[in-house]
Amino acid sequence: MITDYNQLSGLHKVAILFSVLGESLAMTLIKGLSQTDLRKVRSTIRELGSVSFAVKKRVIEEFYFSFISEKFNESGDEPKKPFAFMDHLTDEQAVALLVAEQPRVIAMAMAQMPQDRRMLVLNRLDAETKGRVLIEIGDLNDVPLEGVVDVAHDLEDKSHFLPRTVNFSRGGGQDIAAILGDMDPEDEYKYLEAITRENPELAKEVRKYHLTFENIFEYFPDGLLRDLMNSVELDTIAMAMKGMEEDTVNHVLENLPQKKQAMYEPVEGAVVKREIDNARKEIVQEARKLEKEGAFKLADLIGGGEMVE
């Protein structure tokens, strides 16, 4: 008995189709067969022997789907791929369409998506549903092809009732970091501390993108520190170094050109804290400019990624 569908040749599949449907009906699905081809099919039918029900079912489904696809192409009203309509949805619409569906339906749709959109949908599912969807994606071979078409049509009908929105930001650690970076130094530290107390996990995400003056000495390699300090006025560096550990000050000086080292004068006496904070903020802003220019990524530095000079 034939039980392995994957071992079938094209001629074997045609022969099975003919044996199941009968020659007259099968000829309506497979057009353009010559008399020679027809004789080969009849001969193959005699040689086949018994075929399992599962294999017959797969063969019928394959030809049915091919027939349906051909009708789509001829009409001009339907897409060539059942899920092609999703290409015209925004990310937010695609998520809204799928998150309320059963895991098997989500899996069928996600299997047709590019990888970045798959992850977008997955990340909006709860842990249990996410796990079930992943299992379903790995077990779609048994889905009848007509079922795929029906699911696609049903989703396409539902998509017509989606709000016509545009993509928008959902905030997150990176957006919070950007907001904090534009605050006055005192407010910046105050709100970051508040986030740390209220939501440690969110604070951890914010710190991947939130650059502080202290981060510069904790994470920046010498080459990057040198480029940063050379882009800042010497007076600003001196003010920013006020109150810093001697080792840190010496480390900064070592990464300055010799001319700047000779001209460097530490700030003596009492200084208003706001002046120091503003100088440090200026250096942080220069560092952010370097990041925008592609000199580094803070998330890579914090994550332990290597810097290449």
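All but one of (1) in a helix (DSSP H, G or I); (2) surrounded by 13 or more Cβ atoms within 10 Å (Cβ to Cβ) hold for Lys259, so report the exception by its number.
It fails just one condition, (2).
Can you tell me which of (1) within 43 Å of the chain's Cα centre (by Cα); (2) at positive phi is the one Met241 doesn't meet?
So Met241 meets the others, but not (2).
Identify, from the list Leu125, Leu140, the residue that is at pLDDT below 80 and surrounded by 12 or more Cβ atoms within 10 Å (Cβ to Cβ).
Values: Leu125 fails: at pLDDT below 80.
Testing whether each residue is at pLDDT below 80 and surrounded by 12 or more Cβ atoms within 10 Å (Cβ to Cβ) leaves just Leu140.
Just to be sure I understand the filter: pairs with C-beta atoms under 9 Å, separated by 6 or more residues or on different chains, first member in the range 284-309 and surrounded by 15 or more Cβ atoms within 10 Å (Cβ to Cβ), second member at pLDDT below 85 and of a type in the set (Asp, Glu). Which pairs pass?
Met307/Asp300
Restricting the search to the range 29-40, which residues are at pLDDT below 85 and touching a helix residue (DSSP H, G or I) at 6+ places or on another chain (Cβ under 9 Å)?
Leu29, Ile30, Leu33, Asp37, Leu38
Would it be correct to say that Val272 is among the β-branched types (Val, Ile, Thr), at pLDDT 90 or above and surrounded by fewer than 15 Cβ atoms within 10 Å (Cβ to Cβ)?
Numbers: among the β-branched types (Val, Ile, Thr): yes; at pLDDT 90 or above: yes; surrounded by fewer than 15 Cβ atoms within 10 Å (Cβ to Cβ): yes.
Here the answer is yes, as Val272 does meet what is asked.
Filter the range 100-119 for residues that are crowded, with 16+ Cβ neighbours inside 10 Å and either touching a residue at least 12 places away in the same chain (Cβ under 8 Å) or touching a Pro at 6+ places or on another chain (Cβ under 8 Å) (or both) and give the result.
The first filter runs over the range 100-119 and keeps only residues crowded, with 16+ Cβ neighbours inside 10 Å, leaving 101, 103-110, 112-113, 117-118.
Those that are crowded, with 16+ Cβ neighbours inside 10 Å and either touching a residue at least 12 places away in the same chain (Cβ under 8 Å) or touching a Pro at 6+ places or on another chain (Cβ under 8 Å) (or both): Glu101, Pro103, Arg104, Val105, Ile106, Ala107, Met108, Ala109, Met110, Gln112, Met113, Arg117.
The values are calculated or read from the model by the stated rules, or taken from the named source; none is laboratory data. Here the structure is a predicted model, which is why all the values come from computation and not from measurement. Every residue, glycine among them, receives a Cβ derived from its backbone with ideal geometry; neighbour counts consider all protein chains shown.
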